[in-house]
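To start, the structure itself, in structure tokens.
The values are calculated or read from the model by the stated rules, or taken from the named source; none is laboratory data. In this text the structure is predicted, and so the values were computed from the model without any measurement. Cβ placement follows ideal geometry from the backbone for every residue including glycine, while neighbour counts extend to all protein chains displayed. Ligands, DNA and RNA are stripped out before the accessible areas are found, and what is left, the full protein with its side chains, is counted by its heavy atoms. Shrake-Rupley method; radii C 1.70, N 1.55, O 1.52, S 1.80 Å.
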Amino acid sequence: MEEKLSRFIELTKREVSLDDVCEELEITKLEALGLKKQAKEAGYNIVSEQKNGELIVYNQGEMNNSKEENFEFKSDENNEFKFLAISNTLLGSKSQQLSILKDIYKKAKEEGITKIFVCGNLSAGTYSLKNAYHDTNFISDKENQIDYIIENYPKEEGITTYFVTDKKEEGKISVGKRVSEARSDMVYLGSSSADIKVDNVKMKIISSPIQQTYTVSYRPQQFAKSFRSEDKPDILLLGGLNQLDHITYREVNVLSIPSLAATTKEMEDKRRSNTIGAMAVKVTTDKSGKIDKDKGVIFTSIPYYVTDKDDYKRNAEPIIMTSSSSVINNDDEIGKAEAERYFNLMKHNKSVEEFKSKHHMSDAEFSGILELCNMYGKTIDITLNKDGVPVFKKGIPKGVSVNKPDITSNYIVENEFLIVSDTHLCNNHQQLHLLNDLYKEAYDRGIDTVFHVGDIVDGFYPNRKPYPPQQFLYDFNDQADYVINMYPYVNGITTYYITGNHDMTHYRNGGASIDHWIGKDRKDMIHLGQDLGQIEFDNVKYRLDHPGDGSADSLSYKIQKRLEIINSGDKPNIYLCGHYHKGYYMLYRNVHAFTCPALCATTSFEHQKGLNNYLGGFFITVYSDKKTGNVEYLAVEEKLYGKNDIWDEPGKDKNKVKQLVIR
């Protein structure tokens with residue numbers, strides 16, 4: 001039998017009918033199928049399909065393509081490692097978006113990113129003739145898909161593409177190996193997954209073999225908790241799920257990488273959502289080569305809201321850029337496009353010299369760019385900032401006024417915010433020293449706006465009488481005075497806040513409104529509403545929400561349900577959710593949604609209920625279209641605190657911390 005098995009494996013190295021196998025080996029069809037089963041059990045990927053009325057079998061090789069490779073990288077002189085992550089380009093499919101893919105590479109070039117990781121599904125893969133989705137590809141066979149990728153995948157001088165493939169892209173003909181052999185700028189990391197080391201930071205790429213679930217965070221959480229402690233990566237890039245989200249779970253930074261293809265017929269039929277975009281990531285390491293505790297992992301979400309269903313029909317010439325300095329064509333439209341591009345790159349209040357240096361631009365070239373912008377009505381002023389440094393001046397400066405004059409110029413405007421929530425002041429487990437730390441950092445960064453998403457104080461629940469007592473102040477007047485006298489005061493920073501269910505207890509108990517009391521003495525703190533508040537900055541709509549229900553194991557579930565009840569015309573651009581004491585980000589229904597960590601250590605109530613408690617805040621930088629309010633980029637830095645930062649000895653925070661005052 002072993003001899004026949006060996007001959008069967010040899011015969012099926014090419015496509016062969018089952019009848020021919022039976023004739024060659026002088027066995028019955030059932031015996032042949034038995035050999036097929038044995039071969040699969042021995043680790044060979046034996047595939048069968050119907051062709052022209054015959055059953056065809058062929059051997060795609062040993063199932064060892066998923067063997068993980070190890071690749072090592074070093075951070076730069078600033079101990080930073082920057083890269084861009086994409087997934088599911090599906091080249092060869094009628095749903096491919098080669099124009100978006102090219103745009104992503106242009107943006108990487110402009111930002112000085114030299115490494116791009118593709119987290120699976122570079123090609124569309126193939127379907128049999130009888131498969132319902134065969135016609136959804138405009139290139140139906142693997143050989144031609146490989147040739148198409150080699151010829152048309154973006155090629156940028158100085159950028160290297162590192163990629164893993166999905167299992168369906170491998171086999172007898174390996175997409176990864178063939179593309180990598182033909183394109184020196186494309187490095188094949190392996191099938192399904194790869195391990196990467198940046199200094200001493202462990203990073204893992206996985207092309208998910210399992211599909212997404214309704215709850216967006218379920219699969220990322222599932223992957224993170226599947227690792228043994230000794231095997232956990234520091235960063236996990238998860239492709240194949242067609243979603244954009246981030247969690248820190250079991251000390252693993254999990255980034256779900258979105259798709260770069262339009263929704264396919266198969267996605268529609270199987271009711272799979274599809275988020276399109278990319279993620280730019282910066283990892284800063286410390287002296288030991290591990291993730292720097294203070295600077296950590298910063299990611300920028302780059303969403304695309306509109307796709308082109310005819311993208312695959314367009315002439316797909318490879319994009320090759322050899323210089324960061326563009327040559328201006330005499331054609332008016334091209335000149336206009338260049339003016340628009342450089343105008344968007346010249347950020348308000350950013351250094352002129354840094355801009356010229358970043359884009360390797362001489363003084364003469366810079367003058368030409370200013371003239372070009374001026375030709376198309378894109379006026380740029382240059383002025384000196386408070387330190388005497390020349391900076392760009394565009395429109396009116398950023399402020400905190402909700403009702404700004406309408407500016408019709410269509411350009412990218414930048415706003416940076418700090419997000420905090422659930423401080424539960426007057427609870428013995430409060431972490432006022434961590435709140436001060438975040439406000440001090442906001443001041444150092446030049447941030448002038450903070451959002452607080454509810455439960456400023458711990459309130460008082462008469463029906464909850466834990467022992468030992470959880471609060472050092474109970475009375476409404478005492479808690480209100482504590483906020484007025486102890487909440488950070490930083491000149492130039494305005495805190496916009498909503499009140500939550502704990503704040504509301506004082507109203508239920510005696511009709512007293514803590515926001516009214518705070519508003520009398522703290523003009524730097526502006527109340528937006530009870531449980532819900534909305535505000536706009538530069539036409540970007542922000543919604544602050546503090547629910548009152550229980551938590552869920554899946555970090556995305558509660559905010560997905562809350563986003564789904566909002567009518568399309570009423571959706572915010574950015575949604576901030578308090579109450580759940582979790583740290584999570586996702587792009588859902590084209591809304592950038594956050595669940596915000598707390599700034600109070602685990603209480604006895606949370607311990608009794610078995611609730612997980614995240615401590616920290618978010619620093620976010622929003623790059624939006626000034627005219628429409630569309631978020632073009634969103635840089636997210638989650639700052640989480642660990643056990644060494646927490647003062648969990650009851651009363652320690654109250655006794656040792658003073659109010660942060662910066663005038």
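A few comments on the model shown:
- Percent antiparallel among DSSP beta bridges (both partners in the chain, rounded to 5): 60 percent
- Think of each Lys and Arg Cβ as +1 and each Asp and Glu Cβ as -1; about the Cα centre, that makes the dipole of region 420-504 roughly 160 debye.
- Subtracting the Cα-Cα distance of Lys465 and Ser184 from 0.36 nm times their residue separation leaves 94.4 nm of extension gain.
- Filter on Lys293/Lys350; Lys74/Lys115; Lys204/Lys282; Lys82/Lys107; Lys4/Lys36 - keep pairs with C-alpha separation over 18 Å: Lys293/Lys350
- Cα-projected label distance for Ile150 with Asn567, points at 7 Å along beta-carbon direction, nm: 5.6 nm
- Note on Arg271/Asp553: beta-carbon distance plugged into 1/(1 + (r/R0)^6) with R0 of 25 Å gives a FRET efficiency of 0.65.
- Accessible carbon and sulfur surface of the chain relative to its total accessible area, %, 1.4 Å: 46 percent
- Summing charges over all other residues whose Cβ lies under 9 Å from the Cβ of Lys109, with Lys and Arg as +1 and Asp and Glu as -1, gives -2.
- Per residue, in Å², the accessible surface of region 210-287 once ligands and nucleic acids are set aside, probe 1.4 Å: 38 Å²
- Accessible surface, region 529-638, averaged per residue in Å² (probe 1.4 Å): 34 Å²
- Coil-residue GluC sites (Glu not before Pro) of region 70-102, DSSP, other Cβ within 10 Å capped at 11: Glu77
- Every Cα-Cα pair of region 192-327 was included, and the share exceeding 27 Å stands at 33 percent.
- The alpha carbon centroids of region 18-40 and region 115-185 are separated by 32 Å.
- Asp387/Ile662 FRET efficiency (R0 22 Å; Cβ-Cβ; nearest 0.05): 0.75
- In terms of packing, defined here as the mean over residues of other Cβ atoms within 10 angstrom, the peptides 263-276, 439-452 line up highest first as 439-452, 263-276.
- Label-zone membership for region 257-274, site Lys309, 7 angstrom Cα→C-beta point, backbone N under 16 Å: 262-269
- What the Kirkwood sum gives for region 494-606 is a hydrodynamic radius of 15.3 Å, with every pair of different alpha carbons counted.
- Unit charges on C-beta of K, R, D, E only; dipole of region 67-197, Debye: 360 debye
- Per-peptide average of other Cβ atoms within 10 Å, ordering 239-251, 132-144 highest first: 239-251, 132-144
- All aspartates and glutamates inside 20 Å of Lys609 as judged from Cα atoms, apart from same-chain residues fewer than 8 positions distant: Asp422, Asp455, Asp458, Asp549, Asp553, Asp648
- Inter-probe distance in nm under a simple model that places probes 7 Å from Cα toward Cβ, at Arg445 and Lys520: 3.4 nm
- Reported to the nearest whole Å, the Cα centre-to-centre distance from region 230-287 to region 568-635 is 17.
- Surface accessible to a 1.4 Å probe, Ser551 within the full protein complex, Å²: 50 Å²
- Among Thr499, Leu5, Thr285 the positive-end extreme of the charge dipole of the chain (Cβ point charges): Thr499
- Normalised by residue number, the volume inside the convex hull of the Cα atoms of region 223-271 is 83 Å³ per residue.
- Volume per residue of the convex hull around the Cα atoms, evaluated for region 93-214, comes out as 144 Å³.
- Note that region 561-649, at 37 °C in a medium of 0.692 mPa s, gets a Stokes-Einstein diffusion coefficient of 220 µm²/s from its Kirkwood radius over C-alpha pairs.
- For Ser288 and Asn612, the FRET efficiency from 1/(1 + (r/R0)^6), where r spans their Cβ atoms and R0 equals 22 Å, is about 0.20.
- Reduced Cα scattering model of the chain, Debye log10 I(q)/I(0), q = 0.12 Å⁻¹: -1.32
- Estimated from helical segments only, the mean residue ellipticity of the chain at 222 nm is -7500 deg cm²/dmol, where each DSSP H run of four or more residues counts as -39500 (n - 2.57).
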